[in-house]
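*Asks:* Here's a structure for you.
Just so you know, all these numbers are worked out from the coordinates, no wet-lab data involved. Model, not experiment: these values are computed from the prediction. Positions of Cβ are backbone-derived with ideal geometry, glycine not excepted, and every protein chain shown enters the neighbour counts.
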Amino acid sequence: MIVRIVKLRISKEETKDFCMFFNSKKSEIEEFKGCIKVELLQDTKESNQYFTHSHWEDEQSLDNYRNSVFFNNVWNNTKLYFCGKPQAWSLKEPTNE
């Protein structure tokens, strides 16, 4: 399983619209093949800092999503809300190597 965390700094005047946009796309993201769950989290100290937290069956499922037309459309619309550069991490449980 792959966990994907994306940190997003949203313009303060756009936070309500951003949350509405995310919530309108959430079920479609979760229906994407290989997606286990996705959620939007808000920082407790900086109210315009958000994180998407998603779980994927494997790295290929995440890559398929990230290379899809659907993702491209969602990401292009999401970027309209930014007031800073996003950061992203793909994580997995450690192996005993």
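*Asks:* Among the numbered criteria (1) out of contact with any Leu (no Cβ under 7 Å at 6 or more places or on another chain); (2) surrounded by 11 or more Cβ atoms within 10 Å (Cβ to Cβ); (3) part of a helix (DSSP H, G or I), which one does F22 miss?
*Replies:* Among (1) out of contact with any Leu (no Cβ under 7 Å at 6 or more places or on another chain); (2) surrounded by 11 or more Cβ atoms within 10 Å (Cβ to Cβ); (3) part of a helix (DSSP H, G or I), the lone unmet condition for F22 is (1).
*Asks:* Give me the residue from region 10-27 that is over 21 Å from N72 (Cβ atoms) and among the basic types (K, R) and, out of that set, farthest from the chain's Cα centre (by Cα).
*Replies:* K12
*Asks:* What is the residue count in region 65-97 for residues that are in contact with a Lys or Arg (Cβ under 7 Å, 6 or more places away or on another chain) and either assigned to a helix (DSSP H, G or I) or farther than 16 Å from V6 by Cα (or both)?
*Replies:* 1
*Asks:* Just the residues that are polar (S, T, N, Q) and surrounded by 10 or more Cβ atoms within 10 Å (Cβ to Cβ), please, taken from region 77-97.
*Replies:* Across region 77-97, the qualifying residues are N77, T78, Q87, S90.
*Asks:* Looking only at residues in region 28-54 that are over 17 Å from W75 (Cβ atoms) and among the hydroxyl-bearing types (S, T, Y), which one is surrounded by the fewest Cβ atoms within 10 Å (Cβ to Cβ)?
*Replies:* T44
*Asks:* Right, something else. Test E46 against the criterion of being of a type in the set (D, E) and out of contact with any His (no Cβ under 6 Å at 6 or more places or on another chain), and give yes or no.
*Replies:* Taking the combined requirement at face value, the residue satisfies it.
*Asks:* While we're here: Go through region 55-74 and report how many residues are in contact (Cβ under 8 Å) with a residue 24 or more places away in the chain and surrounded by fewer than 13 Cβ atoms within 10 Å (Cβ to Cβ).
*Replies:* Final tally of qualifying residues: 2.
*Asks:* Right, next: Mind listing just one residue for me: the one in region 27-64 that is assigned to a strand (DSSP E or B) and among the charged types (D, E, K, R) and, of those, farthest from K16 (Cα to Cα)?
*Replies:* Restricting to residues being assigned to a strand (DSSP E or B) and among the charged types (D, E, K, R), the top hit is K37.
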